[in-house]
Amino acid sequence: MASNGNEFQQSQDSIITEHLKNGAHKHSYYSKEWQEEIDKGLAKDSTIAYLWQQKAMPYFKQGKYEVGMAYIDKAVQYDRRAYQEYRAFIKCIFAKTYREAIADFEDCKTRFGYSYVQDHSYDFYIALSKIQLNEFEAAKTIIAEDLQRIEEKSGPDVIHHLDVYYLGICHYETGDYEAGIETFDWAINLYSQFSDAQYYKALCLQRLGRIEEARKLYAIAKANGQDGYTINEDNAIYERYPYQVRWHNH
């Protein structure tokens, strides 16, 4: 049985090498040749989850979410452990189907435990989805507990500025402007030119009547934002993240 299993894996690896590494990868993500090469591989073995994921990925980057989702569903069908968390991430950041994202991430937690995808915890994306559904108190609790867990396990140096930023957003949206200022200061301490955090801190200052402070900080935020110091996630080149300021509108 082990020998058969090895032969099966070798067969799949050879298909991936022929049609992805030596095939699709020689063309643009967005070309018909990319899709045609992957389709040739899938015609030989339709159970290779990685090929389904690679077929889906360009569509997400083109905003063709429904097309891509049909293919990533196939990847999950054949290798749930590897690709369900990726699908949940896509639902949150790309497709913006937040209730579906929450359900997928909660199922991942049940099946696989607490884990990370694309540099952030499952709970980060659950909280982000809840923010986008205006469930700010629930999101605030999830992020605060997640930050505590991270700090207790790994120390304060590994805290990510984006986790802190979205906690600040929760404070801002629930009218707790003092806590918002304190939290945005924390995010800015982690990322000194973080224009989005500076912008929302300025809004908190404005709401508290600290108009001159708000005006000065807004000017700094705008300069930093126009210089590109914004949310710097890898996928931010494809999708605007929640509460990412559109500086060309200001």
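Residues checked against (1) over 19 Å from H160 (Cβ atoms); (2) at pLDDT 95 or above; (3) among the aromatic types (F, W, Y):
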{"site": "L190", "(1), (2), (3)": "no, yes, no"}
{"site": "F194", "(1), (2), (3)": "no, yes, yes"}
{"site": "A197", "(1), (2), (3)": "no, yes, no"}
{"site": "L203", "(1), (2), (3)": "yes, yes, no"}
{"site": "Q206", "(1), (2), (3)": "yes, yes, no"}
{"site": "R210", "(1), (2), (3)": "yes, yes, no"}
{"site": "L217", "(1), (2), (3)": "yes, yes, no"}
{"site": "Y229", "(1), (2), (3)": "no, yes, yes"}
{"site": "A236", "(1), (2), (3)": "no, no, no"}
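Being of a type in the set (A, V, I, L, M, F, W, C), surrounded by fewer than 17 Cβ atoms within 10 Å (Cβ to Cβ) and farther than 20 Å from K26 by Cα is true for just one of A88, A75, A70. Which residue is that? Spell out the reasoning first.
Numbers: A88 fails: surrounded by fewer than 17 Cβ atoms within 10 Å (Cβ to Cβ); A75 fails: surrounded by fewer than 17 Cβ atoms within 10 Å (Cβ to Cβ).
Testing whether each residue is of a type in the set (A, V, I, L, M, F, W, C), surrounded by fewer than 17 Cβ atoms within 10 Å (Cβ to Cβ) and farther than 20 Å from K26 by Cα leaves just A70.
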Self-check item: Subset of the stretch 153-187 (residues that are of a type in the set (D, E) and at pLDDT below 95)
Solution: D157
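Tally time: how many residues in the stretch 205-250 are of a type in the set (S, T, Y) and either free of Cβ contacts under 8 Å to residues at least 24 places away in the same chain or over 30 Å from D119 (Cα atoms) (or both)?
Restricting attention to the stretch 205-250, the residues satisfying the condition of being of a type in the set (S, T, Y) are 218, 229-230, 238, 241, 243.
Cutting the leftovers down to either free of Cβ contacts under 8 Å to residues at least 24 places away in the same chain or over 30 Å from D119 (Cα atoms) (or both) gives us 218.
Number of matching residues: 1.
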Quiz item: Looking only at the stretch 101-132, which residues are more than 16 Å from the chain's Cα centre (by Cα) and either surrounded by 14 or more Cβ atoms within 10 Å (Cβ to Cβ) or of a type in the set (D, E, K, R) (or both)?
Solution: D107, K109, R111
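If we scan the stretch 146-162, do we find a residue that is touching a residue at least 40 places away in the same chain (Cβ under 8 Å) and part of a helix (DSSP H, G or I)? Show your work before the answer.
Going residue by residue through the stretch 146-162, those that are touching a residue at least 40 places away in the same chain (Cβ under 8 Å) are 160, 162.
Checking the rest, the ones that are also part of a helix (DSSP H, G or I) come to 162.
The answer is yes, given that some residue of the stretch 146-162 is touching a residue at least 40 places away in the same chain (Cβ under 8 Å) and part of a helix (DSSP H, G or I).
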Quiz item: Across the stretch 177-188, which residue is nearest to L217 (Cα to Cα) among those that are over 22 Å from the mean Cα position of the chain (by Cα) and without any contact (Cβ under 8 Å) to a residue 24 or more places away in the chain?
Solution: D185
Quiz item: How many residues, within the stretch 8-42, are part of a helix (DSSP H, G or I), farther than 18 Å from V76 by Cα and small (G, A, S)?
Solution: 3
Practice problem: Identify all residues within the stretch 15-32 that are surrounded by 13 or more Cβ atoms within 10 Å (Cβ to Cβ) and either more than 28 Å from the chain's Cα centre (by Cα) or farther than 14 Å from M57 by Cβ (or both); write none if there are none. | Solution: I15, I16, E18, H19, G23
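Residue by residue through the stretch 192-210, note down the ones that are closer than 14 Å to Y241 by Cβ and among the hydroxyl-bearing types (S, T, Y). Write out each step before concluding.
Narrowing the stretch 192-210 to residues closer than 14 Å to Y241 by Cβ: 194-197, 199-200.
If the condition is that a residue be closer than 14 Å to Y241 by Cβ and among the hydroxyl-bearing types (S, T, Y), then S195, Y199, Y200 are the ones that fit.
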Exercise. Residue by residue through the stretch 215-250, note down the ones that are surrounded by 12 or more Cβ atoms within 10 Å (Cβ to Cβ), part of a loop (DSSP other than H, G, I, E, B) and of a type outside the set (D, E).
Key: Y229, T230, I231, N232, Y238, R240, Y241, P242, Y243, Q244, V245
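The values are calculated or read from the model by the stated rules, or taken from the named source; none is laboratory data. Note that this is a predicted model, so its numbers are computed, not measured. Ideal geometry is used to build each Cβ from the backbone, glycine not excepted, and the neighbour counts take in all protein chains shown.
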